[in-house]
1. Could you look through segment A:723-735, keep only residues that are among the hydrophobic types (A, V, I, L, M, F, W, C) and away from every other protein chain (no Cβ under 14 Å), and pick out the one that is surrounded by the most Cβ atoms within 10 Å (Cβ to Cβ)?
2. Does A:TYR723 fit the bill of being part of a helix (DSSP H, G or I) and within 30 Å of B:CYS63 (Cβ to Cβ)?
3. Do you know which residues across segment B:1-12 are at pLDDT 95 or above and either under 21 Å from B:LYS52 (Cβ atoms) or at the interface with chain A (Cβ under 8 Å from one of its Cβ atoms) (or both)?
4. Among the candidates A:ASN432, A:ASN486, A:ASN451, which residue alone is farther than 21 Å from A:THR330 by Cβ, touching a strand residue (DSSP E or B) at 6+ places or on another chain (Cβ under 6 Å) and assigned by TED's automatic domain parsing to the domain that holds A:ILE286?
5. Got a sec? Which strands (runs of 3 or more DSSP E) wholly within segment A:393-433 have at least 1 residues that are hydrophobic (A, V, I, L, M, F, W, C) and in contact with a Pro (Cβ under 9 Å, 6 or more places away or on another chain)?
6. Which residues, taken from segment A:203-242, are of a type in the set (Phe, Trp, Tyr) and either within 14 Å of chain B (Cβ to nearest Cβ) or in a helix (DSSP H, G or I) (or both)?
7. For the subset of segment A:207-238 comprising residues that are under 39 Å from the mean Cα position of the chain (by Cα) and among the hydroxyl-bearing types (Ser, Thr, Tyr), which member is farthest from A:GLU466 (Cα to Cα)?
Amino acid sequence: MTQAFRIENGGLINRDKKLSFKFNGKTYFGYEGDTLASALLANGVHLVGRSFKYHRPRGFFGAGVDEPYAVVQLYRNGETEPNIKATEQELFEGLEAKSVNCWPSVNFDIGAINNFLKIFLPAGFYYKTFMWPKSFWYRIYEPFIRKAAGLGVASTKHDKERYEHKYEYCDLLIAGSGPSGLAGAYAAAKNGAKVILAEDKPRFGGSLLTSDVNIGNQSGKDWAEGIIAELKTMPNVVVKNRSQIFGYYDHNMLVMSEKVSDHLPSTKKYHPNKRLWYIRAKEVLISSGSIERPIVFGNNDTPGVMLSSAAKEYLKVYGVLVGRKPLVFTNNDSGYETAIEFKKYGVDPVVLDSRKKPESEIIDEAKNLGINIKNSYVVVAAQGYKKVKSADIASISEDKKQLGKIENIQCDCICVSGFWTPTIHLASQSGNKTKFKEEIDAFVPGQSKQNEITLGAANGVFSLEETLKTSFKAGSELSKKITENNNEITIPNVVEKKSSQHDKFWCVPLPKGKNYKRFLDFQNDVAVSDVEIALREGYRSIEHVKRYTTLGMATDQGKTSNLNGLQLVSEIENKVVPAVGHTTFRPPYTPVSIGAIVGREVGKHSKPTRKSPMHSWHEINNAVFVDAGVWLRPRYYKRGNENLFEASKREAKNVRTNVGVCDVTTLGKIDVKGPDAAEFLNRVYTNAWLKLPVGKARYGVMLREDGIVMDDGTTTRISENHYHMTTTTAQAANVLSHLEYYLQLVWPELNVNVVSTTEQWAGAAIAGPKSRDLLQKLFPNSDVSNGGLPFMGYMEEDLFGVKARIFRISFSGELAYEVNVESDYGNFMWEKIMEVGKEFNIQPYGTEALSTLRIEMGHVAGSELDGRTIPYDNALEGLVSKKKDFIGKRSLQRSAFTAEDRQRVVGVVPLDKKTSIPEGSHLVKDDKAPLPNPKLGHISASCWSVEYDNPFSLAILKDGKNMIGQKLFAMSPLKNKVIPVEIVSSHYVDPKGERVRS
Amino acid sequence: MLYINCPHCGMRSQNEFSYGGDASVKRPELNKEVSDQEWDNFVYNRKSLRGKHLELWQHISGCRQWIKVERDTTTHEIFRTFKADEEVA
């Protein structure tokens, strides 16, 4: 197929490399260096989508990031991505794209019926219409709106692509590689500054790629190429194309999204798809240029109506004619530049200029080329449905209120230029308060807020000479401050054509009797009439007008529509534009893939995975793992076809009858050392610590200052000034920070050091009636009798040549010990325990059995110490010292904490002794009471008691102390269960605690 | 993302730190009688200041030291940072 609109020569594309691609199922050809947009235009395709609300046909409006229309669904290497701008997507072999927001096809779209219903779909339509009846919202309105709304479709598959994050520091970060960015980068680089130059497009040079200028006796484009080539050779410079700086955050942190692979058919091995750069820059030069803004006229959304700068870019960069009969509609000299380019390639444009008698070098050149120019003329309306076929034009009075006689002229595209809008997003994001510049009818950055400077067109300066001069100077001065070098740069000689003042004219009045839609925002179908309605209905703040009408929303964020919207509001409100103000510019400047933001922190990389030294043993022995905080712990060890319930029951039972071993490496461990360690622990824990002898362990509870239990665990006095503290797995990091806080800030006079030793020790809990026999065999030369190693005793012994710490502590409520060895010997220890334990029928047990054992013993854990309970609630008030002060003690005097009917932990057994009670169930007095049924408490943990072979739960229950023996109902609406239960003591098994001391 | 000068380590990004609240709060001395109001003020009541604020941060992924940071709560400007035991003049 021929590319009918591709000119013979010219453009920066690689004509030696032809690429095939598919759009809406049809195959086309383009060249390497094309965008999807330029390749489609080369093939004469102007219809790419349907508009958001009215489903009107949509074409191409711009040639880059500002594009409001040409949003497509992209298919690449088996993946799909929504909301890709065809004007930004580079062509590659085999690219596939489809139109969005149309059904069944872009050519015949049923939704376009909205276009004929448009009088019923004004601003605020949804807010007003779908209010009543209320019950209709979920069933009818919302599903309907959801189906009608939105552009592309996100993939629901796992994304195979990889995304990277990178942190970088530099002296000078430059956003945009146009003349200003290049000059600034060059001057700073010559001074030895570390420079990062970012360009969002594939090609460097910005406006120099399309403008007819000379710098230092070469074309602007050649000069840019030379500078880039030299910058690339400098070790202190990083030059990045396809990289958009999209956010300016606090303390000169900017974030840039680099499209590493989107221009390739598939991502190269070991390459990411995108890379997100977090850049901390000492100084920032914003050279983001400007975006042409449209003039508003009737049917100005018809495919074929586009920005005049885009038409020029398609011609000069891609060698593509957007039409063969172009009509240029302008209020300034830029339109003439486009017309001149058309003329150079043998196409005859007609120029309509709203100005009466403009004079400038550019206009002279156009006249000399014989271009047909009509002054004081405007486009009243575009004609044609899926493509511009002609235009209704008319002369306009000097006050721009009266139109002359309407004439119709044939044309196949309308290139419109309403002057230029500086891209001030980054400056504004940095906190810079913008100011309105009358001469250009647009906002420019004001006083710098952070270390940022905005130059060139982004600062409202459209003279190349001026831009180069200020940018060379800024680059040199900013870098001089940092590097203290001062290399002189000679500013090259510039040849550019002078232009004349633009016309302060932005909207063509409606001719009498015509009711054309005149669109302000092309992506959201916001017309002049919609903003008029909003103002009529009393919306005044521009932020409210934006939200009510959706002006300036969605993926293009109003890059081409915001200023015209402000002009309209200011006109109706009879205010000047700066008094109306603009809406807030928020990051990101342009949409960023969620994948890039997430980076590599997905799936199992979303948090670190920590494994105990015995992990591989567990794996080999069929452990089923569970996430416990950042750790992976065996939940149970599967035998044959056992399920979780069967396996955990077997494991727990074996602990109660024989002996079991559990990996407790994950418990937090903190070394507390120093002459004041005892005093410190005495302040941290609720119970007394000053008299704990060396070689003894003690269970302790620590509170937050608000009296809530923070954590519990045993701490052992290893030697005079050395304590070994254990914390729960989940709270280990918080407890360490908590201790550091008090040592560094509150009691710096205490001579104590704390350090985490969690990773240094591997731990195994040996529990069960036969555990002492096993221990004796493991340590044949040690006295581990009840006298030699009593409950809460501690000793250091030799385990087959390895130093081991033995703690006689118990979480299971059985006779139990915890053996710790240095981590590297963890597996050795474990294998020895299993080997020697064989004759005692030892079995490893996982966290599920561990829970069962502690629940039926009434030992509180994380599900009771849930950040809402005090010691009393957990039946731990016996550990609260009345004599000494400690962290949080004063809070325990609060009246709610001392109330007679305070909540407290209790045991719960179902009356039928069969039905397990779901955790989280509510305890209520009357299961038939009307909602909301008063809640007396909740089930915190449930298990199947292996001692009694029936379900048993713990609960936190109001007035729990006096509720023992009461009959209540456990209700779980989630599981649709109502279970009659009896409240019993939380100490269901061995209530006197005889076993641990046996 | 803030850029915080840790007095022990130098300039570091905010993601190495964790926030610790108002640094001017003084814990009542141990074993001292404290009124309900005083205790409430210590545990719960904080001013939500607009402007200069002296606050605690811990360099949790660095030297683990608690530091004091003088920051403007509206502009995020950081004026000075101090070691935990340093007097704030």
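1. A:MET725
2. In short, no.
3. B:LEU2, B:TYR3, B:ILE4, B:ASN5, B:CYS6, B:PRO7, B:MET11
4. That would be A:ASN451, the only listed residue that is farther than 21 Å from A:THR330 by Cβ, touching a strand residue (DSSP E or B) at 6+ places or on another chain (Cβ under 6 Å) and assigned by TED's automatic domain parsing to the domain that holds A:ILE286.
5. Per the criteria, A:413-417.
6. A:TRP223
7. So, considering only residues that are under 39 Å from the mean Cα position of the chain (by Cα) and among the hydroxyl-bearing types (Ser, Thr, Tyr), the one farthest from A:GLU466 (Cα to Cα) is A:THR233.
Here's the yes/no breakdown for (1) touching a helix residue (DSSP H, G or I) at 6+ places or on another chain (Cβ under 8 Å); (2) at pLDDT 95 or above:
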position: A:PHE625; (1), (2): yes, yes
position: A:VAL630; (1), (2): no, no
position: A:ARG635; (1), (2): yes, yes
position: A:GLY640; (1), (2): no, yes
position: A:ASN643; (1), (2): no, yes
position: A:LYS649; (1), (2): yes, yes
position: A:ASN654; (1), (2): no, yes
position: A:VAL659; (1), (2): yes, yes
position: A:GLU679; (1), (2): no, yes
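The values are calculated or read from the model by the stated rules, or taken from the named source; none is laboratory data. Given the structure is predicted, the values throughout are model-derived calculations rather than measurements. FYI the Cβ positions are ideal-geometry reconstructions off the backbone, even for glycines, and counts take in every protein chain you see.
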